[in-house]
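These notes concern the structure reproduced below.
The values are calculated or read from the model by the stated rules, or taken from the named source; none is laboratory data. The model shown is predicted, which means the values in this text are computed figures rather than measured ones. Positions of Cβ are generated from backbone atoms using ideal geometry, with glycine treated the same way; all protein chains shown enter the neighbour counts. For the accessible areas, the whole protein counts, side chains as well, though only heavy atoms, and no ligand, DNA or RNA atoms are used. Shrake-Rupley method; radii C 1.70, N 1.55, O 1.52, S 1.80 Å.
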Amino acid sequence: MIVNLNINNQERQVEIKPAERLIDVLRREGFFSVKEGCRKGNCGACVVLLDGSPVNSCLIFAARCEGRRIETAESLGSTENLHPLQKAFLDEGAIQCGYCTPGMLLSAKGLLNENPHPAEDDIKKALDGNLCRCTGYVKIIKAVQKAAEAIGKTR
Amino acid sequence: MDELCVVGKSIPRPDAWDKVMGKTRYVDDITLPGMAYAAIYYSSLPHAEIKELNIAKALRVPGVLAILRASDIPGKNFIPMIKEDWTFFAKEKVVYPGEPIALIVAESKDAIMDAWEKISVVYEELPAIFDPEESLKPGAPQINPIGNLLSLHKIRTGDLELGFMESDVIIEGVYETDYQEHAYLETQGALAVPGAEGGMTVYGSMQCPFYVLKGVCMILGLPQHKVRIVQTPTGGAFGGKEDMPSLFAGLAALAAWSIKRPVKLTLDRRADIIMTSKRHPSRSYYRLGAKKDGTLMACEARVYLDPGAYATLTPSVLWRCCIHSCGPYRIPHVKVDAYAGATNKVPCGAYRGFGSPQVIFAMERQMDKLAREIAMDPLKLRAMNALRQGDSTVTGQTLPWSVGLEECIQKAAEASRWEEKRSRYPAEDGYKRRGIGCSFLHYGVGLGAAGSRIDVAEAYVQIKPDGGAVFAVGTTDMGQGMQGVLTQIVAEGLGGIAPQQIQMLPVDTMQVGDSGPTVASRATYTSGNAILDACEKIMDEMKKGAALLLKCEPSQVRAGGGKFFQESAPEIFYTFAQVAAECSARHFGLTHTGYFKSPDTSWDSETGQGKAYVAYSFGVQIAEAEVDMQTGEARVLDIWAAHDLGKVVNPKMAQGQIEGGVVQGVGYSLMEFIALDGKGRIQNPSFSNYIIPTSLDAPLVHSEIVESVYPEGPFGVKGFGETPLMGVAACVANAVSDAIGRDVDKIPMLPERLLEKMKG
Ligand code: FES
Ligand code: FES
């Protein structure tokens, strides 16, 4: 079957099998930033934004995304034009192995879409579904705070 | 030494840009034309003879290309590690649940799943053994061809009987620790590609490409110049990708060799947790003697690590466990025996700390009990016995330099307001009670005497005519940040050029010589020294080039800030790029290889004495915990971690190592638990029930850095990636014991276990 997906602001017609999960379709389409850490909704490595809200793409059938807007980490920014979250992750040293990073960035972006001035606890709650085994979360949380401030200043 | 330009600065690591953009390609993100998939069919029983292995039905599943068994191996069914017992496929019998029996190779993962269901094995079960102490008793079933005693190490110093006789108090205790699963976010995986002229290339997630090289050569029966191993960006390892990748890369290579196409073998989370190594569970029996004033007199320890069915890395893990078993203290009379008795469970291996967190937990609990017994502050008790420069360790090694323990004590105590809290908490009551506890630790840097043969490193540095530099090393970045740190060392070694001018090549066994494994916090120290050796050779050449431009003697040329000049006239200079161009025009060779061999260490396994390691990193950790007296749930609120790591190359990255290690340690202390059924099978192979800390569980981590430089490390670096985890279980257990007023001698401190304690 065919679904129409808007991936990173680009309309695509994608051939899928009926029970295919969104993660598999996205990776087949070349969006390798979408990582698989567990396939069970426990780790958040596969988080993408669906109409602006974070979802675990391993738990969603691609067929259910007809006509919807999907954002992956590839869409966030470029080397010359980093998204404030990307810049903050770099500056704060929030990246080690990087496997959790795309999912973290998108969960954080989802949070800032909803709540531009999150308190530390809001950030912790928003990232609770994204496991990171390397950083201990300290610098990730700090980076999200920094990014929120930076975005606040440009508004 | 001149002022450092790049080393010591918190600049972002070079690999972070791709990572933040989602561009980094891990092994599972690589797809090649004609690529097939492979998965391992493994045993479901702990100890059984394989009577029949039926694959005929599975072979008929559409899309299945091959099902490979031990008899299909062209080389040898043997994985080179420390002892000669570990195999790619089970031989006549399986010795643990999860042991590979066959390899399914197919066009798709769906076909693999179908085929899996259609394989059948007829087993004849044998009596199994699950406890390492039981394993060593007479009459225990023998499960490993080299015997059940996979390894044994000891320490002997002084006269134990005398030590206890001269002691006023003797503290005894039994301590237990459970498994810890690495839970790196990227599961294990390898992609094998058959090459021209019968060669094989394997890409994969790994720590130790040179181990993998030997493994792939062994299974295919190929010489080393026909096999190339390339590390792909690795999504965390923590020791878990030290030995295991030899198995997965070897099997991927076998599949690719057999069907003559590229084959990818990646594990899903379930298979990864079931099949791969973990931290050794342990049981330790301790006796500690001291004078009334707190002076330590004697320590006796009997430690059992549970190695699982094969020796893999256990002999080295057990050795490190043994050496670190008495803590960073002066103790005149010591007797330690450490054993690894084989069990019918998944082989345990390397995990950050490498056998030390188990005994640090035991020893540091002992110290708290001693402090209570003699009514002394536990931090003061430790401080008065702590190793100082010039002291001897329990293995008889004198420490001539770089002992930063005292400074760690001071920093941690001040930052945590230890004294104030320690006196306040005992007065607490109510449903939530707080406690505070500390632990001291030391860590032998590098492989030490047990691995001195392979404690070498090689580095390759090449300067481009435009002044850019590329380098290659044989140690790996698995996420910890080696690439960034070594880039900074290259920059400094080349006279302070900009790190942006430097590119590290992927680690490739065809590019550099065997540099040993990336373990034991040794990458920065060993590869850093090899890099400096190469840079020195290059700078000698470049100074000749610069001398021609500056019209002076090479010996008069100085380098600094990315420039070459004469000391007498620094305002007249040529840039690094200008000099590189000049050298290139004159055909001065600017490609060099550097070498490093770790200074000598020694160990006498009979006397249990020797210079075990070249140097030690130190740490003091303090935890503040809160226990809900009704639910038994413990939380760690704050951890103060003061670490002496020698010169710090990148402070922010060092802090990141501390934070990450501490939170892993909190998981180990409180929640991470592998549940086994009666047959040693893992019951919770997923993140839904093997729980690791999330952002909500992470305590506040206050890192304090002490730089007690090690003169033989590059710029004084020691290495420390493991220490932040090592003392956490100990200080958290001490804090929890302090909070509930009961001795907690077993981790993880699950709520049900604590409730049980509080009832008792
Ligand atoms: S892969 Fe989707 S949550 Fe882990
Ligand atoms: S950086 Fe490795 S899992 Fe987060």
Rounded to whole Hz, the Karplus (6.51, -1.76, 1.60) HN-Hα couplings of segment B:158-174, x for glycine and proline | x, 10, 4, 4, 4, x, 6, 5, 7, 7, 8, 10, 10, 10, 10, x, 10
If a helix is a whole DSSP H run, which ones in chain B reach 27 Å or further along their own axis (Cα) and hold a mean Kyte-Doolittle hydropathy of at least -1.0?
-> B:523-550, B:651-670
Give the Kirkwood hydrodynamic radius (Å, one decimal) of segment B:434-514, defined as one over the mean of 1/r across all pairs of different Cα atoms.
-> 15.2 Å
Crossing angle, helix A:101-114 versus chain A [Cα axis fit, 0-90 degrees, rounded to tens] = 80 degrees
Ordered by number, the residues of segment A:5-47 with at least 20 Å² less accessible area in the assembly than alone (1.4 Å probe) are A:27, A:32, A:35, A:36, A:37, A:38, A:40, A:42
Shape call for the protein assembly as shown, from the Cα gyration tensor axes a ≥ b ≥ c (a/c under 1.5 means rounded, otherwise prolate when a/b beats b/c, else oblate), comes out rounded
Which value, in debye to the nearest 20, describes the size of the charge dipole of segment B:282-421 about its Cα centre when Lys and Arg Cβ atoms bear +1, Asp and Glu Cβ atoms bear -1, and nothing else is charged?
-> 280 debye
Kindly report the accessible area of segment A:84-154 per residue (heavy atoms of protein chains, probe 1.4 Å, no ligands, DNA or RNA), in Å².
-> 34 Å²
Only helices counted: for chain B, with every DSSP H run of 4 or more residues adding -39500 (n - 2.57) and the sum spread over all residues, [θ] at 222 nm is -8500 deg cm²/dmol
In chain B, carbon and sulfur make up what percent of the accessible area (probe 1.4 Å)?
-> 51 percent
Per residue in segment B:6-32, which ones lose no less than 20 Å² of accessible surface when going from chain alone to all protein chains (1.4 Å probe)?
-> B:12, B:13, B:16, B:17, B:19, B:20, B:21, B:22, B:25, B:26, B:28, B:29
Just the ratio, please: alpha-carbon radius of gyration of segment B:526-626 over 2.2 N^0.38 Å, N its number of residues.
-> 1.74
Of all C-alpha pairs within chain B, those more than 51 angstrom apart amount in percent to 15 percent
For residue B:505 and residue A:29, FRET efficiency with R0 = 45 Å and r from the beta-carbon atoms, rounded to 0.05?
-> 0.90
Enumerate the amide H contacts of residue B:93 below 5 Å, restricted to partners 5 or more residues apart or on another chain; note that Pro and chain-start residues carry no placed amide H.
-> B:50
Nearest-ten-degree value, helix A:138-154 long axis tilted from longest Cα axis of chain A | 90 degrees
On complex formation of B with A, accessible surface lost, both sides summed, probe 1.4 Å, nearest 100 Å², amounts to 3900 Å²
Long-range amide H contacts for residue B:41: which residues qualify at under 5 Å (H placed 1.01 Å from N, peptide plane, sequence gap of 5 or more or a different chain)?
-> B:101, B:102, B:103, B:104
Once both labels are modelled 7 Å past Cα along the beta-carbon direction, what's the residue B:285-residue B:755 spacing in nm?
-> 3.3 nm
Between residue B:270 and residue B:165, 0.36 nm times their residue separation minus their Cα-Cα distance comes to what?
-> 32.5 nm
Between residue B:57 and residue B:374, how many nm apart are label points set 7 Å from Cα along the C-beta direction?
-> 6.9 nm
Carbon + sulfur, % of accessible area of chain A - ligands and nucleic acids excluded, 1.4 Å | 47 percent
What residues does segment A:80-104 have that are buried by at least 40 Å² of accessible area in the full protein assembly compared to the chain on its own, 1.4 angstrom probe?
-> A:90, A:95, A:96, A:97, A:99
If you roll a 1.4 Å probe over the heavy atoms of the protein chains, what accessible area per residue do you get for chain B, in Å²?
-> 34 Å²
Taking Rh as the Kirkwood radius computed over alpha-carbon pairs of segment B:640-745 and applying Stokes-Einstein at 20 °C with viscosity 1.002 mPa s, one gets a diffusion coefficient in µm² s⁻¹ of 136 µm²/s
Beyond 14 Å, what share of the Cα-Cα pairs of segment A:84-154 remains, rounded to the nearest whole percent?
-> 50 percent
Nearest 5 is fine: what % of DSSP beta bridges in chain B come out antiparallel, could you say?
-> 80 percent
